[in-house]
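Read the structure below first, then the notes.
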C-alpha cells in the first residue's frame, strides 16, 4: 500500500468527517426557513404586513382626523373672529350712539366666558391627544411583547430542531464509523490477500526467470559447440584444399597430359564438397530452428498457464468485490430509505406546525382588526360628541346674542338715556368687579379691560 492510499484511508476514518446527507439536509432546512421568512415578507396576509398596514391605516386615520379637526378649528376660529369683530364694531357704534355700557360689559363678560371655554376645550383636546398617545404606546408595547414572545417561541423551536438534528447527525456519524470500520477491515484483508498473491506471483516469476536463464545458458553452450564444430570442419576443408592445391602444383609438372581429367575431377570434388557443406549448414539451421520452436512453445505454455492463473485470481477478486459492492449498496439504499421516511415525517410535522402558526396569525389579525374597529368607533363617537358640544355652545351663544340685541332694541331710545347715564358708574364698578372675578376664576380679563377702556375713551 502506498503512502497516499494510507493517508486517504486515515482521512476517511477520521471522526470529524461530516456526512453529505446531513449537510444537504441542514442546507435544505436553512433554505426552507429563509424561504419562509421571505414568503412572509412578501405575503400580504402575514402578521408583519398586517400589523404594518394596520399601523399605516391608524396613522392615516389619525392624520385625517387631525387635519379635519384643525380645519374645523380654523374655520371656527375664523368665524368667531369675524363675529367678534362684527360684535365689537356694533358695540362701538352702540356706545357711540347711545352710551350703552352695560351691553358692552355683557359682551365682554360673554367673551371672557367663551375664551375660558375655549381654553378648557383646548385642554380637553390635549388630554384626548395624551390619552390617544398613551393608548398607542400601550398598543405598541403589546405588539412588541407579542412579537418578542413569538420570536422566543421560534428560537426555542429552532433550538429543539437543532438538538434533534444534532442527535440525528450523531447517529449517522456512528453508523458511518461502523461502515468505515467494516470497510477498513475488508480493505486490509483484501490487501493481505493481494500481498499473498503478489508473493506467489513473484515466486512463480522467479522460477520462470531461473528457467529462462538456465535455458538460455544451455542454448548458448549448444550454439557455441555447433559453431566450434563448424569452424573445425571449415579449417579441415581449408587444409584439404591446400593439400589438393599443393598436389595439383606438384602433379602439374608431371601430369600435364592428365590436366583435363584432373581438373574435371577437381571440379567434381569441389561440387561434392560444396554439397556436403550445404547439407551440414542445412542440418545446423534445422537443429537451431527445432530448438527455438521447442523453447518458444514451452515458454508460451508456461506463460499461458501463469496468465490463466492470474486471470482466475483476478476474476475471483472481482466477483468478491462485486458481491461486497452490491451488499454495501443494498445497505446504503436501506439506510437512505429509512432516512427519507424520517425526513418525510419530520417535514410533514413541520408543515402541520406551520399551518397551525398561519391559522393563529390569521386569528390574531382578525382579533386585532376587531380591536382597531372598536377603537375607531369609540373615536368617531367622541369626535361626534365633541362636535355636538361645540355646535350646542355656538347655538347658545347665538341665542344669548339675539336676546342681547333684542334687549338693546328694547332699551334703545331717548327714554332710557337718562337711566343709562345714571348707571354708568355702577357699570364701571361692576366691570371692575367682573374683572376681579374673572382674574380670581382664571378667565381672561382683557375683553373686560378693553370694554372699560372703550367706554372711558368714548
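Side notes on the structure shown:
- Working from label points 7 Å from Cα in the Cα-to-Cβ sense, the residue 450 to residue 369 distance is 5.3 nm.
- Förster radius 35 Å - calculated FRET efficiency between residue 393 and residue 40 (Cβ-Cβ, nearest 0.05): 0.10
- For the range 204-228, backbone nitrogen atoms closer than 19 Å to the point 7 Å from residue 312 Cα along Cα-to-C-beta are found at 204-208.
- Translational diffusion coefficient (Stokes-Einstein; Kirkwood radius from C-alpha pairs) of the range 357-398 at 10 °C, 1.306 mPa s, in µm²/s: 126
- Added length on full extension, which subtracts the Cα-Cα distance from 0.36 nm per residue, residue 256 to residue 322: 14.2 nm
- If R0 equals 30 Å, the separation of the Cβ atoms of residue 121 and residue 362 corresponds to a calculated FRET efficiency of about 0.10.
- Mean projection area, nm², convex hull over Cα of the range 179-251: 6.2
- With R₀ fixed at 30 Å, the C-beta to C-beta distance from residue 243 to residue 222 puts the FRET efficiency at about 0.40.
- Ratio of Rg to Rh over the range 146-188 (Cα coordinates, Kirkwood Rh, two decimals): 1.45
- Taking the range 56-85 and a reference point 7 angstrom along Cα→Cβ of residue 150, the backbone N atoms nearer than 15 Å belong to 56.
Values in this text are rule-based calculations from the coordinates and carry no lab data. Note that the structure is predicted; figures quoted are calculated from it, not measured. Don't worry about glycine lacking a Cβ; one is built from the backbone with ideal geometry, like all the others, and counts go over all protein chains shown.
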